[in-house]
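Please read the structure below before turning to the comments.
Read the figures in this text as sums done on the coordinates, not as results from a lab. Note that the coordinates shown come from a computational prediction; the quantities given were computed from them, not determined experimentally. So basically every Cβ, Gly included, is an ideal-geometry build from the backbone, and we count neighbours across all protein chains shown.
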Amino acid sequence: MTTIVTHSGSFHADDVFAVATLQLLLGKENLEVIRSRDEAVIATGDYVVDVGGVYDAAQNRFDHHQPGAPVRENGIPYAAFGLVWKHFGEKICGSQAVADKIEEKLCVPIDASDNALNIWQPGQFDLPPLEWDDILQTWRAEPTKGEDMDTQFLQAVDVARAYLERVIQRRQIKEVLKQKAAELYERSAGQSILVSDEYVPRSEFVQHEEVNMVVVPRFDDNPGWSAVGVQVSETEYLTRVRFPEAWAGLRDEELAAVSGIADAIFCHKDRYLFIARTKESAIKAAKTAE
């Protein structure tokens with residue numbers, strides 16, 4: 001049985017996700033997790049994360065509390081999760097591109113928080129973001145309930161591992177869709193309306209300024225086709241073109257009467273999305289957007 005040693009006591013997203021990552025790498029059933037700060041126990045671990053004062057990937061030691069601990073090129077220090085992911089993320093994901101995206105979206109914020117760095121700017125309403133430490137703290141042991149911290153830690157690891165499994169799967173699918181979107185653009189370069197017989201996300205065309213609208217089949221339980229506007233930028237909801245104001249929020253017969261499209265199903269109130277039963281009708285609607 002392979003052993004992972006991490007520190008005892010309260011826990012954070014850093015050590016929880018580091019252990020969850022190793023469970024994905026090695027198999028939960030093949031691992032024993034030991035929580036201790038005893039140097040003699042730490043020395044026996046096959047993998048040691050977030051404790052021990054050593055970062056040595058060759059020896060499977062992944063701590064970041066010691067002087068000289070590694071820092072990313074952008075200035076954000078690594079924590080245990082980021083160090084483990086750095087060495088095993090690609091193998092777990094089967095893709096460096098997927099591993100890099102998870103590093104950006106998940107590892108960096110968690111590591112920054114663990115190193116007491118605030119990387120968020122206040123938004124319109126001056127509200128703090130919900131971070132993984134906020135979520136996982138709800139699993140910490142409640143002494144008044146007679147709960148055990150080690151047991152609660154493993155429950156938190158289960159949550160983190162399940163999330164990692166899903167986010168890896170979603171990123172793998174997105175990489176496939178990204179490739180399909182690139183192929184569609186190459187076939188249709190110069191056109192403002194792109195039509196695909198397979199679903200591709202509109203967000204993949206933000207960098208192409210000439211693309212205003214994408215027509216794709218619906219991918220949920222409702223049959224039909226969508227004509228959807230491409231966003232002005234990756235950080236904005238505003239689209240480059242919109243459907244006529246008179247269509248906003250209408251459905252079925254009412255929308256069909258106003259639009260002249262007999263099989264119209266729905267137009268979003270913000271006028272960026274139109275749904276029809278056929279591809280031809282979705283294309284017709286797309287041509288009206290401005």
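Any chance you could run the full-extension gain for Ser95 through Asp158? It's 0.36 nm times the residue separation minus the Cα-Cα distance, nm to one decimal. All intermediate terms of the calculation are to be shown ahead of the outcome.
Working: separation 63, 0.36 × 63 = 22.68 nm, distance 2.33 nm.
Length difference between fully extended and current span is 20.3 nm.
Taking the dipole about the Cα centre of the stretch 2-172, with the C-beta of Lys and Arg at +1 and of Asp and Glu at -1, give me whichever of Asn60, Gln96, Thr144 is farthest to the positive side.
The listed residue farthest towards the positive side: Gln96.
So how strong a dipole does the chain carry about its Cα centre when Lys and Arg Cβ are +1 and Asp and Glu Cβ are -1, to the nearest 20 debye?
Values: 30 positive and 47 negative charges, 182 e Å.
Using only the charged Cβ atoms, the result is roughly 880 debye.
Radius of gyration and Dmax for the chain's Cα atoms, expressed in Å?
Taking only Cα atoms of the chain, I get Rg and Dmax of 24.4, 78 Å.
Could you work out how far apart the two model spin labels at Glu290 and Thr3 are, taking each label as a point 7 Å from the Cα in the direction of the beta carbon, and quote it in nm?
Label-label distance for Glu290 and Thr3, simple model: 7.4 nm.
Add -39500 (n - 2.57) for each DSSP H run of 4 or more in the chain, then divide by its residues: what number comes out at 222 nm, to the nearest 500 deg cm²/dmol?
-11500 deg cm²/dmol, from helical runs alone.
Taking the mean number of other Cβ atoms within 10 Å as a proxy for protection, how do you rank 35-45, 156-166, 3-13 from highest to lowest? Write out the running numbers ahead of the final one.
Numbers: 35-45: 14.3, 156-166: 18.0, 3-13: 20.2.
Peptide ranking by packing, descending: 3-13, 156-166, 35-45.
If each residue of separation counts as 0.36 nm, what is the full-extension length gain between Thr278 and Gln179 once their alpha-carbon separation is subtracted? Before the final figure, lay out the partial values.
Values: separation 99, 0.36 × 99 = 35.64 nm, distance 2.51 nm.
Using 0.36 nm per residue and subtracting the Cα-Cα distance, I get 33.1 nm.
Antiparallel versus total DSSP beta bridges in the chain: what percent is that, nearest 5? Walk me through the numbers before you get to the answer.
On the way: 17 of 29 bridges.
Antiparallel bridges make up about 60 percent of those DSSP assigns within the chain.
In degrees from 0 to 90, rounded to the nearest 10, what is the angle of the helix 13-26 Cα long axis to the longest principal axis of the chain?
Once rounded, one gets 90 degrees.
Which order do the peptides 253-260, 280-287 come out in when sorted by mean C-beta neighbours inside 10 angstrom, highest first? Could the numbers behind the result be given before it?
Values: 253-260: 15.4, 280-287: 20.4.
With the highest mean Cβ count within 10 Å placed first, the list reads 280-287, 253-260.
How about Lys180: which lysines have a C-alpha closer than 22 Å to its C-alpha, ignoring those fewer than 8 places off in the same chain?
Lys101, Lys279
Could you go through the stretch 273-290 in sequence order and give the Karplus-derived ³J(HN,Hα) for each residue, using 6.51 cos²θ - 1.76 cosθ + 1.60 with θ = phi - 60°, rounded to whole Hz, and x for Gly and Pro?
Coupling constants for the stretch 273-290: 10, 10, 10, 9, 7, 10, 4, 4, 6, 5, 5, 4, 5, 4, 6, 8, 5, 7 Hz.
Given a Förster distance of 30 Å, report the FRET efficiency between Asp197 and Asp150 from their Cβ-Cβ distance, rounded to the nearest 0.05.
Numbers: r = 53 Å, r/R0 = 1.75.
So the FRET efficiency works out to roughly 0.05.
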